[in-house]
Structures are given as C-alpha cells and as structure tokens.
Amino acid sequence: MPWSDLRTFLTALEARGDLVRIPEQVDWEYEAVALTRRTSDLDGPALLFERVRDSDTPCLSGLFAAKRRVAWALEVAESDLDDVYREREGRAIEPVIAAGPAPCQEIVLTGDQIDLTTLPILRHYERDGGRYITAGLQIANDPQTGRRNVSIHRMLLLDRNHLSVFAPLGRHLRTIIERCNDAGRPAEIATVIGTEPAIQIASQARAAYGEDELGVAGGLRGSPVELVRARTIDVHVPATSEIVIEGRIVPGRSVVDGPFGEYPGTYSDAKPAPVLEVTAITMRSGAIYQNTLTGMPMTENHWMMQAAATALAYREAFKITPEVKAVNVTPGGSSRHHIVVSIHKRHPSEARNLMLALLAAPIGAKLVTVVDEDIDVFDPLQVEWAMNTRMQADRDVIILPNLYSPTLDPSAPAPRTSAKMGIDATAPMGSGVDYQPPRIPGFERFPLAAHLERAGWRRPDGRALRADEPG
C-alpha cells in the first residue's frame, strides 16, 4: 500500500530507527543544516527538529539523505530502485479530486495573517543570499495548454509575504512564468511543502514539457494522487500536504537571488529572479515544515534525482543499443554530470554513437564513459582500469566544445554552456589482443578467511575476521 501522507512515512521511519527527533532548540542559521550535513555524511537517519529558533513549527531535514529511504518511499529494495523506478515512471496514473475537506486546508491564513518568517526557513551556507525554502514543490499551469508542471526550485525569503522563485531559463516553471508574462497576466504558483514521499521523488522526473509529474507520482506509488483546489489561485495541490504557499508572480519585478551553495558542491552566482507575492498559506494542524539539503555530494538532493537521471540515461542509451547492460550516474558527478555505461559491443563505433547521444540528452552530462559488460560501472577502480588498459586518448576520446547544458558548471565559459567529453573505454574489436585480467583457476575454492581467523589476525581497525566472510 502506498504511503497516505508524509506523516505515515515518518512514523514508519521512526519505528525502524531511521528517523531521530531532536527535542533541543536548534538555530535556523547554520545549526540545523550542519546537523543534516553530518547525518548525510554518516548515511544516518532523517532528523526532525522539534524546536527551531523563532518558530513554533517543527522542521524535517535529511529525509532522503540515504538511498535506502528513497527506495523505501517507493516500497522497493534498495538494489531494485533504479529498475523499478524506470518501469513505474512510464506508467502514469492521473490524479483525482479528493472528496471532502482537505487536510492541507485545516488552517487558512490570508491578508495580514500571512507571515512567512514564522516558518523555520533555514540558512544553509555562509555565502548564501539569505534563508531559502529548498523542499518546496512549485505547482503551476501552462497558460496556453492548461497542463500542470511540478518541480523544485529554491525560494529566497524576502519579507513576510514575498519570496523569489529561482527557475532558470529553459526550465519548465520558467517557461510557464514567461508565457504568462507574454499573455499579460501573473503566473499563479502553489509551493507545496511536506508531501507524500513519492510525490517529492516524482518532482525530479525528466518528464517532457506538459507531462504531469503528479501523474508520474501516481505511477510510482501505484495509485492516484488526491488533489484539492487552492484557496486563492486556480491551481490544484496534493490534499494531504503539510504546508501550501499560494501566490502570484509580481509582473516586472525581480530581485537578486544568490549566491547559493548548489548541488555540484559549489556556489551558484547571484542572478535576477522573479518575485512571488503570497496570497495565502494553508496547512495541516500541527504542520511539519520540510527542508532539503544540497551542496557537496552526496546529499538528499542528489539521492532524490539520481533514480530519475539514471532512468533517462538508460532510455537514451537503449535507443542507441539494446545491448546496454548497466548505467551509473556517478556520485562524484553530482548525480548528473558523469555517466558510466556498460554495453555488449557489436560494432566498433557503437560506443561513440552512445557517447554523443548521452552528451546531447537533457540530463546535463559533462562526461560519458563507455565500458564493456565485464566492467562494474559502480566500481571506480574497475572503470579506471578499463580506461588504463583499453583506451587510447587520440583514438577513443571525443571533445565537443560550446554545447548547451541544463546544469550548473562553475568552470563553464558562459551560463548553461559547457564543453563535453566522451571516453570509449571498451576493448577494440578485432585487435587480437586479450584484454581480460589474469585469472587464478579455482580462486573461489581457496578462501583465506578461515586461516586468518584461526591465527587470530585482526583488521587494522581492530575488528575480527569471521571464517564465513568472503576472502
């Protein structure tokens, strides 16, 4: 059964020991984020800060800071996450309108009641432009087609009823904003905080413009998302959301947004961003605010988008060769910028075609490495070994200058522009050379562990070795 809302998921996480409550007061400036960073680096639990300075609302952070929680959000084994996500993403289930009162509108604040500063909006990094909402799902409708878009973009707290909306040019939400500007009317946007977990994961789907991510969420969870119409704007939102911020873009007004510590592990530049005027805040009784950490990989931002990026990379690779065996959108590449693919190669130029396709795909890859099927794409040592023994730079490396790239690249010569590289680390066909590593016959029949255990040998960290361990 899918999770009915965020709270049921948190209850289950707490029962498993994968959610820890912090009852002591923490500061919204740096402290809560520092603790989230620490648990992310430890592959630790999600954190629920019950008391945050200047707010009566608890703050959840680090919900998806471990891959196991992304998998459990979809109720699958961690090892099956990428395959199951790819299969479910393609079978959307359209949302439905909820019957009866919506939990997300148990409390409705309008006019002078609106005060964003009462929410525990966190300050993340020392050079950040201010306090940012980072886990808000922006929901907006295209003014020409009426189709819905769901995405996550950071929002800078400006005052009690204004936020920035940093949606870069080329992103779907920015297209909606620009089309509304062209039509002479403000874009209406609902920012949803604290939804059932599959909805959050679906917001990262690499869906085509006009494809409803809430339908993707339905496919991921196996049942439709229930929606309710917002109170002050013509947008529908998930009925069990914790907090909904309704608002309209102020025509012609922008503010400087940034810098901000972003997912490549560097700061983004300060740039103009549209301003949203808040028309209402609705919430559940006892609402939970949610924060998402990004920055140096790996954080929950990276784990949230990795399955979607991997699914897109696999689909694009499969178009070139049905013999694709495995895909790894690497952590060191910020879960976007480096893709390693293994294939069963049947043509000498197959890897080259595959590299070009993936570098041009809307994933944001800066580097694509193709290896043979005997190489584990998730083992950096094996991938580097393949490059060392099967690749010649003058023959097997391609460099493409000055391409559009929908990613943040601090080394780029211009915004959204990057040089890209492909490495063919597959063994050349028909060369007559044996590219296989030396093998010891019967290796599996001669374990060492039992001998070391009898001798009382211990690891350098002091842990004993068990006789039933491999090795």
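Assuming a ≥ b ≥ c are the square roots of the Cα gyration tensor eigenvalues, decide whether the range 172-328 counts as rounded (a/c under 1.5), prolate (otherwise, with a/b larger than b/c) or oblate. Prolate shape, in that a/c is at least 1.5 and a/b is the bigger ratio.
Once Rg and the Kirkwood radius are both taken over the C-alpha atoms of the range 43-124, their ratio Rg/Rh works out to 1.08. Whole-Hz Karplus values for the range 148-155 come out as 8, 10, 10, 7, 10, 9, 5, 9 Hz, taken residue by residue from phi with 6.51 cos²θ - 1.76 cosθ + 1.60 and θ = phi - 60°; glycine and proline positions read x. Computed over the chain, the range of Cα coordinates on each principal axis works out to 77, 55, 43 Å, biggest value leading.
Give me the mean projected area, in nm² to one decimal, of the convex hull enclosing the Cα positions of the range 373-471.
Averaged projected area of the range 373-471's Cα convex hull equals 11.4 nm².
Between the range 369-429 and the range 99-116, how many Å separate their Cα centres? Computed from Cα coordinates, the inter-centre distance equals 50 Å. The Rg/Rh ratio of the range 300-424, with both radii computed over alpha carbons and Rh defined as the Kirkwood radius, is 0.94. Computed from the Cβ-Cβ distance with R0 of 45 Å, the FRET efficiency linking H347 to N181 stands at 0.40. Based on alpha-carbon centroids, what's the gap between the range 299-313 and the range 1-23 in Å, whole number please? Cα centres, the range 299-313 to the range 1-23: 22 Å.
Of all DSSP-defined beta bridges confined to the chain, some 75% are antiparallel rather than parallel. Here the relative contact order of the chain, from alpha carbon pairs under 8 Å that lie six or more residues apart, stands at 14 percent. What's the angle, to the nearest 10 degrees (0 to 90), between helix 300-320's Cα axis and the longest principal axis of the chain? For 300-320 against the chain, the angle is about 60 degrees.
Rounded to the nearest 500, the helix-only mean residue ellipticity at 222 nm of the chain stands at -7000 deg cm²/dmol, with each DSSP H run of n ≥ 4 adding -39,500 (n - 2.57).
So what's the angle, to the nearest 10 degrees on a 0 to 90 scale, between helix 350-360 and the longest Cα principal axis of the chain? Computed tilt is about 20 degrees. Equivalent-ellipsoid semi-axes for the range 219-293 (Cα gyration tensor, √(5λ), whole Å, largest first): 28, 20, 13.
Quick one: angle between helix 6-15 and the longest Cα principal axis of the chain, in degrees between 0 and 90, rounded to 10, please. Once rounded, one gets 50 degrees. Every Cα-Cα pair of the range 83-285 was included, and the share exceeding 31 Å stands at 15 percent. The slack between E126 and W385, meaning 0.36 nm per residue of separation minus the straight C-alpha distance, is 89.3 nm.
Quick note: the coordinates plus some simple rules give every number you see, no bench work behind them. No experiment lies behind these values; they were computed from the predicted model shown. Here the Cβ is made from the backbone with ideal geometry for all residues, glycine too, and neighbour counts use every protein chain on show.
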